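To keep things clear, I will list the structure first and then write my remarks on it.
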Amino acid sequence: KRTMLIVRSFTILLLSCIAFKLACCFSSSISSLKALPLVGHLEFEDVHHASKDFGNRYQLIPLAVLHPKSVSDIASAIRHIWMMGPHSQLTVAARGRGHSLQGQAQTRHGVVIHMESLHPQKLQVYSMDAPAPYVDVSGGELWINILHETLKYGLAPKSWTDYLHLTVGGTLSNAGISGQAFRHGPQISNVHQLEIVTGKGEILNCSKRQNSDLFDGVLGGLGQFGIITRARIALEPAPTMVKWIRVLYLDFSAFAKDQEQLISAKGHKFDYIEGFVIINRTGLLNNWRLSFTPEEPLEASQFKSDGRTLYCLELAKYLKQDNKDVINQEVKETLSELSYVSSTLFSTEVTYEAFLDRVHVSEVKLRSKGQWEVPHPWLNLLVPRSTIREFAKGVFGNILTDTSNGPVIVYPVNKSKWDNQTSAVTPEEEVFYLVAILTSAVPGKEDGGVEQILKRNRRILEFSEEAGIGLKQYLPHYTTREEWRSHFGAKWGEFVRRKSRYDPLAILAPGQRIFEKAV
Ligand code: FAD
C-alpha cells in the first residue's frame, strides 16, 4: 500500500512538472508570437473552429490561429518559428476550408494559418494575351469565387473538383481531380506559377522555369514543402450551357469499356466523363426525373432499379450559343456507339455555373437535414485499369452492399496528363480509375456507424492487398513511416530530400503525419 502511495505521489509530481513545463513553454510561445509585427492578427482564445474538419473524426486544438492579411504575415510567423530552432514544439498548419478527412489541416498546440483571410486580395484575370489566358489568385481563394470572377471575362479554369467550395492551396496540395481530368489532367497540371513560403520563412516564386524543384514538390506535396500563397491558373473560353447526360449499365465491364473508349477517343467527344455505382437503391429513375428528362419516358418508367447493382455513366458536353445543333447531333451519334441500357438515357441542359457547382445543391439539402456535419470516413483510391474489373467484382459485387449513405464515384483518367515530376502519387499504368467511396456516418441509419464504415473500408483495402490490385490512396492517410515510404514508392527519396531542403525542421503540415518535428 505504502509503495503504491509513493508511486502515485511520484506520478502526480511528474505529471505536474510536465504540465508546468508545457505551460511555461506555451506562455513563452504565446508572448513571442504576440510580439510579431503583423498586418493581420493572431487569435489565441477562440481557436476551436480550427480543430475540426470535414471528416469530423480528428480534433487537435491549436495554440493560435493566424489570420494573415499579407504573404509577409505568413513569412514572419514561419521565420519566427524556424528561428526558435528544434527545441520549440511549435508547428504550422495551413488551413484552406478544412475539408480534409483526418486532421491533415490541424496542429496540436501549433499555429493554424487561416488561408481564406488572404482572399480579399483581388483576383487578376489576364485575357489580353489569349490564346493562353490565366488568373492570379490567392492560395486561400475558393474555386467557386474564381469561377464567378473569370466568367465575367468569358473564361474559366480548365480542370475542376466536383465540389468548388475548396481552396486553391488545399486542392493543389493533393491533385484536384474531376471529370475534366481525362482531357486536361488534374488541377496540378494546369498551374503555371506559384508563390511559396517555405518552412524557413523564405518567400519564393516558382514555376517549371524558376525554382522548378520547389514547384514540382509543392504540387501534390501534401503541404510538406511550403505554403502556397499565390497561384497562376490556366484558363480557357467558358461555355454558356452544358448538356448533361446520364445512362445506366447492368454490367461493370460494359460500363468500363465505354468509359475507357470515351476518354481515349480522338477529338474528345465529351468535356466531362465520370460515373458512379448504384447498389440497392429504390425509385432511382423517378428521382432523376426531377432534374433530367428521359429520352424514352415510357420505357424509362418501366425500368426497375430496385435491389440491383447499376453503373451510371455521367457525361457532359459544353455548348456555345452558335454550335448547339451540331453538338447535339454529334452527341447523338457518339451515344449510339455505347452499350448502355437503351431505355435509361436521361439528359438536361444547365448553365455552366450550375453544372460545376452541382454538389453545393446537395450540401444545402444535407445541411438543412443536419446531415452535412456528420463523420465522413471516406475512402479515395486510384486503381490501375488492369485490375479495376477484379476490384469491381470484389468490392461492388460483394463488400459494398448499399450506396444510400453517399455516392461511390468511378471514372478513368489518363496518366499522360499527369506530370510525373510532381509529388502526386498514382499507379504506373497509362489508364487508372478514381474510386471515391464517399459514405457518411448518418446517425440513426442502419449500418451507418463510423466503426462499421471504417471496418468495411479496411476490408476493401485488405481485399485489394490480397488480390494484388496495386492501388494507391488519393488524399492518403497513414500512421507509420513504412506505410508512407510504400505509398510514395520510387518518389520517397525525392520527397524526403525536398523536405530536408525546404522544411528541415518539419514545421509544416504536421497533420499529415509524414514527418515529426524533432524536439
Ligand atoms: P484543407 O483541408 O484545409 O487542407 C488540405 C491540406 O493541404 C492540409 O494538409 C493543409 O495543411 C494543406 N494546405 C491547405 N492550404 C494550403 C496552402 N495554401 N498551401 C499549402 N498547403 C495547404 N478532391 C478532388 O480532388 N476532387 C473532388 O472532386 C473532390 N470533391 C470533394 C468534395 C467534398 C464535399 C469534399 C469535402 C472534398 C472533396 N475533395 C475533392 C477533396 C479536397 O480536394 C480536399 O479536401 C482538399 O484538402 C481541399 O480542401 P481544403 O481547401 O479545405 O484544404
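The values are calculated or read from the model by the stated rules, or taken from the named source; none is laboratory data. Please read all numbers here as calculations on a predicted model, not as lab measurements. Cβ atoms come from the backbone with ideal geometry, glycine included; neighbour counts cover every protein chain shown.
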Within the range 345-374, restricting attention to residues that are without any contact (Cβ under 8 Å) to a residue 24 or more places away in the chain and of a type in the set (Ser, Thr, Tyr), which residue is farthest from Ser301 (Cα to Cα)? Ser368
Of the candidates Asp53, Asp73, the one satisfying the condition of being out of contact with any helix residue (DSSP H, G or I) (no Cβ under 6 Å at 6 or more places or on another chain), part of a loop (DSSP other than H, G, I, E, B) and buried (at least 20 other Cβ atoms within 10 Å of the Cβ) is Asp53
Those residues of the range 475-494 which are assigned to a loop (DSSP other than H, G, I, E, B) and more than 12 Å from the ligand (Cβ to nearest atom), in sequence order: Tyr478, Thr479, Thr480
Only one of Ser404, Ser305, Ser386 is closer than 30 Å to Gly444 by Cα, away from the ligand (no atom under 16 Å from the Cβ) and within 27 Å of the chain's Cα centre (by Cα); which? Ser404
Residue check, Asp136 against (1) away from the ligand (no atom under 13 Å from the Cβ); (2) over 19 Å from Ala231 (Cα atoms), all met but one. Which one? (2)
Only residues that are surrounded by 13 or more Cβ atoms within 10 Å (Cβ to Cβ) and at pLDDT below 90: list them for the range 283-297, please. Leu284, Leu285, Trp288, Arg289
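Okay, residues lined up against (1) away from the ligand (no atom under 12 Å from the Cβ); (2) within 22 Å of the chain's Cα centre (by Cα); (3) acidic (Asp, Glu):
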residue	(1), (2), (3)
Phe355	yes, yes, no
Arg358	no, yes, no
Glu363	no, yes, yes
Phe396	yes, no, no
Ile399	yes, no, no
Val410	yes, yes, no
Members of the range 310-343 that are of a type in the set (Val, Ile, Thr) and at pLDDT below 95: Val326, Ile327
Within the range 264-277, can one find any residue that is in contact with a helix residue (DSSP H, G or I) (Cβ under 8 Å, 6 or more places away or on another chain) and farther than 27 Å from Pro157 by Cα? yes
Only one of Ser29, Ser51, Ser72 is touching a strand residue (DSSP E or B) at 6+ places or on another chain (Cβ under 9 Å) and modelled with pLDDT under 95; which? Ser29
Has the range 490-512 got at least one residue that is closer than 21 Å to Leu382 by Cα and exposed (fewer than 12 other Cβ atoms within 10 Å of the Cβ)? yes
Give the residues of the range 32-50 that are in a loop (DSSP other than H, G, I, E, B) and in contact (Cβ under 8 Å) with a residue 24 or more places away in the chain, sorted by residue number. Leu36, Pro37, Leu38, Val39, Gly40, Val47
Return only the number of the condition from (1) surrounded by fewer than 23 Cβ atoms within 10 Å (Cβ to Cβ); (2) at positive phi; (3) near the ligand (Cβ under 9 Å from one of its atoms) that Gly154 does not satisfy. (3)
Could you say which residue among Ser440, Ser464 is in contact (Cβ under 8 Å) with a residue 40 or more places away in the chain, among the small types (Gly, Ala, Ser) and part of a loop (DSSP other than H, G, I, E, B)? Ser440
Quickly run through the range 265-277 and pick out the residues that are modelled with pLDDT of 95 or more and either more than 15 Å from Ser339 (Cβ to Cβ) or among the hydrophobic types (A, V, I, L, M, F, W, C) (or both). Phe270, Asp271, Tyr272, Ile273, Glu274, Phe276, Val277
Show the residue pairs meeting these rules: Cβ distance below 7 Å; 6+ apart or different chains; first residue within the range 261-275 and assigned by TED's automatic domain parsing to the domain that holds Phe182; second residue in a loop (DSSP other than H, G, I, E, B) and surrounded by 14 or more Cβ atoms within 10 Å (Cβ to Cβ). none
Name every residue in the range 495-519 that is in a helix (DSSP H, G or I) and either touching a residue at least 12 places away in the same chain (Cβ under 8 Å) or in contact with a strand residue (DSSP E or B) (Cβ under 9 Å, 6 or more places away or on another chain) (or both), in order of residue number. Phe495, Arg498, Lys499, Arg501, Tyr502, Pro510, Gly511, Gln512
Return the residue satisfying two criteria in turn: it lies in the range 78-99 and is small (Gly, Ala, Ser) and either under 22 Å from Arg513 (Cβ atoms) or in contact with a His (Cβ under 8 Å, 6 or more places away or on another chain) (or both), and of such residues it is farthest from the ligand (Cβ to nearest atom). Ser88
Looking for something touching an Asp or Glu at 6+ places or on another chain (Cβ under 8 Å) and more than 10 Å from the ligand (Cβ to nearest atom) - is there at least one such residue anywhere in the range 166-182? yes
